[in-house]
Amino acid sequence: MTAAFAGLDACVHCGFCLPACPTYEATLDESDSPRGRIVLMRALERGEAPADDDALSWHLDRCLGCRACESVCPSGVSYGPAIEEARARIVAVRPNPPAVTAGLWVLARPARQRLAWWASRLARATGIPAALARGAGDKAPLLLQMFAMLAATTPSRRRTGTPTHRSRGRERPDRHAPGGTEATAAPAPDTTAALFRGCVMDGLFGHVHDATIRALGVNGVRAVEVRRQVCCGALAAHGGRPDLARTLARENVLAFDAAAPGVPIVTNSAGCGAALKAYGEWLADDPLAERAHAFAARVRDVSEVLVERGLVRPGRLPLRVAYDAPCHLHHAQRVTTQPLDILAAIPGLELVPLEGADRCCGSAGLYSLVEPELSRDVLAPKLRAIAVSGADVVATGNPGCLMQIGAGALLAGMEVEVRHPVELLDLAYRQ
Amino acid sequence: MTHTSIALAEELAGIVGERFVRTRPTELLTFAADGLPTHRAVPACVVFPGSASEVSAVLARLHARGTPFVARGAGTGLSGGALAEAPAVLVTLTRMGRILAVDAPNRRAVVEPGVVNATLAREAARVGLHYAPDPSSQSACTIGGNVAENAGGPHCLKYGVTTNHILALEVVRADGERVHLGSASGEPWGPDLAGLFVGSEGTFGVATAITVRLVPVPPTVRTILADFTALRAAGEAVSRIIAEGIVPAALEMMDRSAIGIVESSVYAAGYPTDAAAVLLVECDGREGAVAADIARAEAICREAGAGTVRAARTAAERERLWQGRKKAFGAMGRISADLLVQDATVPRSALPDVLERVAEIGRRHALRVTNVFHAGDGNLHPNLSFDAADPDELARVAVASREIMEVCVAAGGTITGEHGVGVDKKKYMDLVFGPDDLALMDAVRGAFDPSGLANPGKVIPDGAARPWGPWSPA
């Protein structure tokens with residue numbers, strides 16, 4: 001990733017990125033803006049500021065990594081890889097806080113996560129975290145905030161009478177029948193796609209995976225399970241651990257090439273998708289470089305796959321839905337219209353406009369836990385916009401956003417539900 | 001950091017709160033440049049006041065210590081006007097971003113200086129009104145900065161530049177005193193003091209409340225894009241449109257280089273990349289008049305040699321055409337790491353000749369020149385692309401810049417249309433002003449700020465002004 005800073009060379013300091021930056025909006029300090037951070041990164045690169053400089057790491061750590069600045073940059077500055085490189089240089093001399101290091105360690109191996117996810121799902125099932133967090137306010141202690149995030153992962157209880165899949169993630173992936181058992185008029189699959197399961201998605205959002213598999217099935221795509229796949233490495237890359245990110249990337253390339261060679265790789269997590277699509281760059285100097293490039297080229301967000309195929313018409317779902325674009329889908333992958341196409345295809349579903357739908361919600365991986373105060377400030381306008389939209393459901397295709405917005409709404413005592421677009425599509429197919 | 005500056009930072013923190021003072025050297029680097037990074041200066045510290053009374057208290061404190069200061073908005077200026085060199089303190093006004101009032105029946109609004117231009121435009125649109133000055137940086141730049149620079153923009157051709165839209169100002173002078181200039185309902189007293197303040201580039205004080213004029217959203221807007229196979233032909237079309245008495249809402253030109261750069265960016269608007277130049281002509285107003293003006297403008301373009309003339313069919317298409325134009329400057333990084341945008345005006349009849357002379361200057365100094373500018377105003381923006389690491393190229397940029405200015409002045413124009421003088425244009429002031437002119441400017445400045453602490457070292461070249469005083473026998 002040594003060439004990462006070269007991507008900043010195109011910056012002419014015009015400042016057009018300032019209004020796109022959620023942290024600049026919150027602090028109105030140039031040092032918390034993309035342009036200011038580019039100045040800091042250039043200072044780091046030139047040795048004008050040491051990597052252990054307090055002010056440098058303070059402002060660079062406060063970057064959400066949402067890459068909204070890239071979407072508005074007229075000169076096409078490549079900000080994302082540079083901020084990851086800067087983080088790596090900083091972490092090399094100032095290690096992450098122990099909680100982050102521990103978190104990355106746990107997420108690096110599926111075996112280390114099983115107990116944590118099992119315990120989390122058990123706690124979630126009691127309904128206690130949700131009950132404690134509801135209406136606790138955005139200044140609630142961190143533990144309550146974490147309860148709220150956990151509660152936000154609860155599968156939907158809509159459509160009573162039909163049991164929803166209570167997924168236990170990776171423990172029973174083979175039991176998902178192709179096409180989904182309840183899918184209406186599931187055609188015989190004419191193609192396959194390998195499902196990327198991820199870490200948090202698999203641990204807490206098994207129901208979204210189930211919905212993904214069913215919705216793909218309805219549309220003639222059989223989801224193939226790939227064993228030995230691991231976390232995508234996005235959190236490690238954002239957390240200044242490119243070594244760990246590359247290790248995970250190599251494992252995934254080998255696992256998918258072994259189990260599903262040449263098959264499209266489908267993900268329902270925007271953060272994972274952005275990382276998987278960057279494997280070519282991550283492993284550019286690796287013996288696996290060529291395979292990593294080919295792997296990256298096969299990665300598709302589930303919304304891309306579905307829209308490319310042309311959706312089988314879903315059933316009626318009379319809901320007012322606001323779409324909030326995950327940054328790593330909208331800005332990093334530039335997948336902007338497909339999730340909206342999916343929602344618009346559902347009869348009865350009223351798509352209501354959400355102001356600032358392309359702005360970060362403040363989740364940003366581990367950010368909401370590491371920078372809780374600024375994360376909250378970034379979330380606040382999002383919650384206000386959701387309230388104004390009058391939506392029953394906010395749809396967003398990323399685990400972090402689902403948890404952040406869901407938790408924020410819960411803490412604020414808002415009635416709105418937060419769902420993955422594919423969950424809504426799946427629900428519509430099962431009407 | 002010196003003891004004096006530590007003590008100063010503590011005093012300022014006592015006024016605005018510790019959170020809103022920056023002193024760490026690395027943080028100060030991010031404030032060392034505005035939109036023209038060829039000039040750099042590091043301030044002693046940065047202070048973020050949150051209200052007019054905090055601005056007043058901060059300036060009074062600085063005045064008492066004899067410390068100079070520079071006001072800064074979003075830092076999108078293009079003449080180095082918002083640079084503060086230690087011991088100067090940078091007073092950043094971004095926190096003062098409140099729209100204090102929108103008075104729709106009387107078509108005016110009162111805003112704090114940190115309000116972003118596009119935010120004001122959006123809020124005005126909610127009540128069917130419109131803030132007309134629209135600098136290309138409007139998505140980021142602030143009204144306070146617009147006032148300081150007397151900012152223009154594509155639509156200032158018809159509607160006038162910032163000064164035509166400022167009704168009243170609350171200003172904190174360099175000593176912390178608050179004064180009120182102009183009035184929302186007309187000039188209360190003889191001279192146009194609010195007008196005098198607009199364009200003073202931060203050297204008269206800090207505007208803390210700005211009353212702006214809003215105009216009704218025109219009922220009809222039509223936009224055409226005409227492409228030309230020669231830059232000269234496009235220039236001639238502009239001269240003729242103006243000579244015919246048509247007043248387009250906007251009349252902009254982009255040359256082949258600018259088109260190529262925009263078309264390779266996220267703001268690609270479908271401009272024809274094989275054209276030598278395009279003109280973007282917009283007329284607004286009542287349906288019939290607009291249709292007639294656009295038809296005439298189109299005919300003139302064709303007579304001047306336009307190939308295809310395309311009309312924006314939807315508001316979204318028009319917006320795309322404008323976004324491409326307005327983001328062109330920011331897209332210049334696609335062709336080189338460093339950039340100097342020039343800003344000069346010429347009589348519109350001189351445009352075809354001046355454009356050719358500018359191109360010739362670029363060729364002679366082996367520099368890539370990109371033109372994207374307010375043609376209808378005769379306001380040129382030649383962008384010179386270069387590599388700052390190449391000292392020879394840097395020297396050629398300096399020579400070419402001066403030659404471009406000389407050509408514009410010789411054609412009857414002047415050295416800035418809207419970017420201000422700041423530090424970058426000081427060296428050209430002698431092309432248009434003599435010692436007596438500069439002395440008068442200095443005296444006016446001294447009337448607002450006798451201390452000389454507000455934005456020192458800007459606008460007036462050092463030592464160029466004849467001391468102002470009682471007339472002495474020659």
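Every number in this text was worked out from the coordinates using simple rules, so none of it is lab data. Given the structure is predicted, the values throughout are model-derived calculations rather than measurements. As a convention, Cβ positions derive from the backbone with ideal geometry for all residues, glycine included, and neighbour counts pool all protein chains shown.
Among residues other than A:A102 whose Cβ falls under 14 Å from its Cβ, what is the net charge (Lys/Arg +1, Asp/Glu -1)? Cβ neighbours under 14 Å give a net charge of +3. Inter-chain neighbour count for B:21-28: the average number of beta-carbon atoms from partner chains within 10 Å of each residue's beta-carbon is 6. In terms of surrounding Cβ atoms within a 10 Å radius of their Cβ, B:E27, A:E415, A:E373 rank from fewest to most as A:E415, A:E373, B:E27. Note: the stretch B:18-69, Cα convex hull, 100 Å³ per residue. For B:D103, the residues whose modelled amide H falls within less than 5 Å of its own, excluding neighbours fewer than 5 places apart on the same chain, are B:R108, B:A109, B:V110.
Among the trypsin sites (Lys or Arg not before Pro) within the stretch A:270-357, those in coil by DSSP and having at most 16 neighbouring Cβ atoms inside 10 Å are A:R316, A:R334. Just need log10 I(q)/I(0) for the stretch B:336-429 at q = 0.15 Å⁻¹, Debye formula, equal scatterers on the alpha-carbon atoms, no solvent, rounded to two decimals. After summing over all Cα pairs, the log10 values are -0.51.
Name the residues whose placed amide hydrogens come within less than 5 Å of the amide hydrogen of A:F16, ignoring near sequence neighbours (fewer than 5 apart) on the same chain. Sorted by chain and number, the residues that satisfy this come to none at all.
Backbone geometry of the stretch B:426-432 corresponds, through the Karplus equation with coefficients 6.51, -1.76 and 1.60 at θ = phi - 60°, to 3J(HN,Hα) couplings of 3, 5, 9, 4, 5, 6, 10 Hz, x marking Gly and Pro.
Net charge in the neighbourhood of B:Y267 (other residues with Cβ under 15 Å of its Cβ; Lys, Arg +1, Asp, Glu -1) is +2. Remark: mean inter-chain Cβ contacts per residue of A:65-74 equal 3, using a 10 Å Cβ-Cβ cutoff to other protein chain atoms.
Rounded to the nearest 500, the helix-only mean residue ellipticity at 222 nm of chain A stands at -14500 deg cm²/dmol, with each DSSP H run of n ≥ 4 adding -39,500 (n - 2.57). What Kirkwood Rh does the stretch A:169-304 have if only Cα atoms enter the pairwise 1/r average? Answer in Å. Roughly 14.9 Å, rounded to one decimal. DSSP assigns beta bridges within the protein assembly as shown; of those with both partners inside it, close to 70 percent run antiparallel. Legend: mean number of C-beta atoms from other chains within 10 angstrom of residue C-beta atoms, peptide A:6-12, equals 5. For Cα pairs less than 8 Å apart in space and 6+ apart in sequence, what is the mean separation divided by the residue count of the stretch B:99-216, i.e. the relative contact order in percent? Reported as a whole number, the value is 32 percent.
Relative contact order for the stretch A:2-93: what is it in percent, counting Cα pairs under 8 Å that are at least 6 residues apart?
Numbers: 103 pairs, mean separation 36.3, N = 92.
Relative contact order of the stretch A:2-93: 39 percent.
Against chain A, whose longest principal axis is taken from its Cα atoms, helix A:34-46 shows a tilt of about 50°. Rounded to the nearest 20, the Cβ-based charge dipole of the stretch A:2-93 about its Cα centre (Lys and Arg +1, Asp and Glu -1) stands at 220 debye. Its relative contact order, with pairs defined as Cα atoms under 8 Å and 6+ residues apart, puts chain B at 15 percent. Calculated over the stretch B:218-335, the projected area of the Cα convex hull averaged across directions stands at 6.8 nm². Is the C-alpha gyration tensor of the protein assembly as shown telling us rounded, prolate or oblate? Criteria: a/c under 1.5 is rounded; beyond that, a/b larger than b/c is prolate, otherwise oblate. Taking the square roots of the gyration eigenvalues as a ≥ b ≥ c, the protein assembly as shown is prolate. The residues B:I224, B:I261, B:I99, when put in order of fewest to most other Cβ atoms within 10 Å, stand as B:I99, B:I224, B:I261. Per-residue ellipticity at 222 nm from helix content only, as computed over chain B with -39500 (n - 2.57) for each DSSP H run of at least four residues, stands at -10000 deg cm²/dmol.
Report the gain in length on full extension from B:A184 to B:A243: 0.36 nm times residue separation, minus Cα-Cα distance, nm rounded to one decimal.
17.7 nm
State to the nearest 20 debye the size of the charge dipole of chain B about its Cα centre, where the only charges are +1 on K and R beta carbons and -1 on D and E beta carbons. That gives a dipole near 760 debye. Once backbone amide H atoms are built at 1.01 Å from N, B:T208 has B:E170, B:V171, B:V172 as its partners under 5 Å, excluding neighbours fewer than 5 places away on the same chain. Converting phi to 3J(HN,Hα) with the Karplus coefficients 6.51, -1.76 and 1.60 and the offset θ = phi - 60°, the stretch B:329-340 yields 4, x, 8, 5, x, 5, 10, 7, 6, 10, 8, 10 Hz in sequence order, with x at every glycine or proline. In terms of the mean number of neighbouring beta-carbon atoms within 10 Å, the peptides B:229-239, B:329-339 order highest first as B:329-339, B:229-239. Anisotropy class assigned to the stretch B:309-360 is oblate, per the alpha carbon gyration tensor with a/c at or over the 1.5 cut-off and a/b no larger than b/c. Per the Cα gyration tensor, chain B maps to an equivalent ellipsoid with semi-axes of 37, 26, 22 Å, ordered largest to smallest. Please work out whether the stretch A:2-93 counts as rounded, prolate or oblate from its C-alpha gyration tensor, where a ≥ b ≥ c are the square roots of the eigenvalues and a/c under 1.5 means rounded, while otherwise a/b larger than b/c means prolate and anything else oblate? Oblate, since a/c reaches 1.5 and b/c is not below a/b.
Scanning chain B for DSSP H helices at least 27 Å long along the axis (C-alpha atoms) with a Kyte-Doolittle mean no lower than 0.5 picks out B:391-410. Sequentially through the stretch A:18-29, phi angles give Karplus couplings (6.51, -1.76, 1.60; θ = phi - 60°) of 3, x, 7, 8, x, 6, 5, 4, 7, 10, 6, 10 Hz, Gly and Pro residues having no value and appearing as x. Ordered by the number of other Cβ atoms lying within 10 Å of each residue's own Cβ, fewest first, B:H180, A:H328, A:H207 fall into the sequence B:H180, A:H207, A:H328.
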